[in-house]
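**Student:** First the structure, which I've put down as structure tokens, then a few questions once you've had a look.
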Amino acid sequence: MTYRTRTFGPGGCVPDLDAAWHAGWPSPKHDPAPEIQSHRAEEHTVIMRQNMSVNFEAPFLFLLFGNESALLIDTGATPEPEYFPLREVVDAHIADWLERHRRSDYRLIVAHTHGHGDHKAADGQFAGRPDTVVVGPDVEAVTEYYGFGDWPNGTREIDLGGRVVDVVPGPGHQMAATVFYDRWTRLLLTGDTFYPGRLYVQDWGAYVDTVDRLVAWCEEHPVSHLLGCHVEMSARPGKDYPRGSTYQPDEAALPMRVSQLTALQQALREIDGKPGIHRYDDFHVWYEVD
């Protein structure tokens, strides 16, 4: 068989992020939309979202294809395949990609932006899947798999076969959080560290360091957009949807700009570790001290 090998060169590509994301339904049990919505941002990149009617968190997930491996980032908020058939959907995307590129031997890496339950719930669906590795969501598993010797310092790489993804430590929201930079699409996948919504801070000092680290990364690398894992803000500046909402008919766009990240950096300077809910146009910073 002749394999079609893609060259993921330094020129990168321009991903299509203009997706009309399904944002729930007035009556969740009558929602006609599928449990998972998929959008092909470009030939080798699929963005998925869990239906808000299945789980109000409605996390986004990312599937990146290289010549030798695919990388699935996060597994959503629901473990049961009958309610959230993630394995089935991912397998279908992989089968389609393999057919179009005339490949057979292929590996899947399942990784996480961090270890909270709405990002790892369906890990079990991939247990026993051939040619698959599931990276554990705790600090020990993350540092061991990627080879971090001095967490959270330095960065590491995942080579999917010509397509390289950088792994940047991102603790602060959660201790094992990681941010992924895809050199091909130039997307910075920020998990729950940065997205249009409520930015919950667990460790203030670590979070400030992470945001500074990401701003520096954007200054040193071409970043097309930043994509987090949720949308909780409405299109109206400063207005978020109540926690637990299962219908967000006028939500903000998922893609964020580097300028919005620098605005977060400035906001953290202003807040200066003061506990409370701090509201800004594109995000809210939630910091509570036990």
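**Student:** As a test of the definition: which semi-axes, in Å, follow for region 1-113 when you take the square root of five times each eigenvalue of its alpha carbon gyration tensor? Largest first, please. Please report the intermediate quantities before stating the final value.
**Tutor:** Numbers: eigenvalues 157, 48, 29 Å².
Equivalent ellipsoid of region 1-113: 28, 16, 12 Å, largest first.
**Student:** How many percent of all Cα-Cα pairs in the chain sit more than 31 Å apart? Please list the in-between numbers first.
**Tutor:** Working: 10076 of 41905 pairs.
Above the 31 Å cut-off, the chain has 24 percent of its Cα pairs.
**Student:** Obtain the radius of gyration and the Kirkwood radius of region 60-144 from its C-alpha atoms and give Rg over Rh.
**Tutor:** 0.96
**Student:** Would you work out the charge dipole size for region 134-240 about its Cα centre, treating the Cβ of every Lys and Arg as +1 and the Cβ of every Asp and Glu as -1, and quote it to the nearest 20 debye? Don't skip to the answer; put the middle values down first.
**Tutor:** Numbers: 8 positive and 16 negative charges, 105 e Å.
Computed about the Cα centre, the dipole is about 500 debye.
**Student:** Oh, and also: From the helices alone, meaning DSSP H stretches of at least four residues, give me the mean residue ellipticity at 222 nm for the chain, per-run term -39500 (n - 2.57), in deg cm²/dmol to the nearest 500. It would help to have the intermediate numbers written out before the result.
**Tutor:** Values: 4 runs with 54 residues, N = 290.
Mean residue ellipticity, 222 nm, calculated: -6000 deg cm²/dmol.
**Student:** Just tell me which aspartates and glutamates come within less than 12 Å, Cα to Cα, of K239; anything on the same chain fewer than 8 places away is out.
**Tutor:** Here the aspartates and glutamates satisfying the reach criterion relative to K239 are D250, E251, D281, D282.
**Student:** Once you charge only the Cβ atoms, +1 for Lys and Arg and -1 for Asp and Glu, what is the size of the charge dipole of the chain about its Cα centre, to the nearest 20 debye?
**Tutor:** Its charge dipole is roughly 600 debye.
**Student:** Still on this structure, please answer the following. What residue among P26, P130, P169 shows peak mean-square fluctuation when the chain is described by a Gaussian network model with Cα springs under 10 Å?
**Tutor:** Among P26, P130, P169, the largest GNM mean-square fluctuation belongs to P130.
**Student:** How would K120, K274, K29 line up from fewest to most surrounding beta-carbon atoms within 10 angstrom?
**Tutor:** Numbers: K120 21, K274 11, K29 6.
By the 10 Å Cβ count, ascending, the order reads K29, K274, K120.
**Student:** Another question, then. In what order do T193, T132, T45 fall by count of nearby beta-carbon atoms within 10 Å, going from fewest to most? Please list the in-between numbers first.
**Tutor:** Details: T193 29, T132 16, T45 20.
Ascending number of Cβ neighbours within 10 Å: T132, T45, T193.
**Student:** While we're looking at this one, here's another question. Give the order of L261, L108 when sorted by the count of other beta carbons within 10 angstrom, beginning with the fewest. Each step should come with its number before you reach the end.
**Tutor:** On the way: L261 23, L108 19.
The most exposed by this proxy come first: L108, L261.
**Student:** Also, quick follow-up: Roughly how many Å is it from the Cα centre of region 21-42 to that of region 109-146, as a whole number?
**Tutor:** 25
**Student:** So, one more: Report, in order of residue number, the helices in the chain meeting two criteria: a C-alpha extent of 18 Å or more along the helix axis, and a mean Kyte-Doolittle hydropathy of at least -0.5; treat each whole DSSP H run as one helix.
**Tutor:** 86-100, 204-220, 258-271
**Student:** Which percent, to the nearest 5, of DSSP beta bridges fully inside region 33-287 are antiparallel?
**Tutor:** Numbers: 34 of 50 bridges.
Bridges in region 33-287 are about 70 percent antiparallel.
**Student:** Identify, among G238, L227, W204, the residue whose Cα sits farthest towards the positive end of the charge dipole of region 145-247, taking +1 on the Cβ of Lys and Arg and -1 on the Cβ of Asp and Glu, with the dipole about the Cα centre.
**Tutor:** G238
**Student:** Please work out the FRET efficiency for the pair E68 and Y247, using the Cβ-Cβ distance as r and a Förster radius of 35 Å; give the result to the nearest 0.05.
**Tutor:** Working: r = 41 Å, r/R0 = 1.18.
For R0 = 35 Å, the calculated efficiency reads 0.25.
**Student:** Restricting attention to region 211-290, which trypsin sites (Lys or Arg not before Pro) occupy a DSSP loop and are surrounded by at most 11 other Cβ atoms within 10 Å?
**Tutor:** Working: sites: R213, K239, R243, R257, R269, R279; in loops: K239, R243, R257.
Those satisfying the criteria are R243.
**Student:** Let me ask you something else. Compute the Cα gyration tensor for region 227-290, then decide on rounded, prolate or oblate, letting a ≥ b ≥ c be the square roots of its eigenvalues: rounded whenever a/c is under 1.5, prolate when a/b is larger than b/c in the other cases, and oblate in all that remain.
**Tutor:** Values: a/c = 2.23, a/b = 1.33, b/c = 1.67.
Verdict is oblate for region 227-290.
**Student:** Same structure again: Taking GluC sites (Glu not before Pro) as exposed when DSSP calls them loop (any state but H, G, I, E, B) and at most 16 other Cβ atoms lie within 10 Å, what is the longest stretch of the chain free of them, the sites themselves excluded? Mind showing how you got there, number by number?
**Tutor:** On the way: sites that count: E43, E68, E82, E288.
Excluding the exposed sites themselves, the longest stretch runs over 83-287.
Only the coordinates and a few stated rules stand behind these numbers; no lab work does. Computed from a predicted structure; not experimentally measured. Note that we place each Cβ from the backbone using ideal geometry, even for glycine, and neighbour counts take in every protein chain shown.
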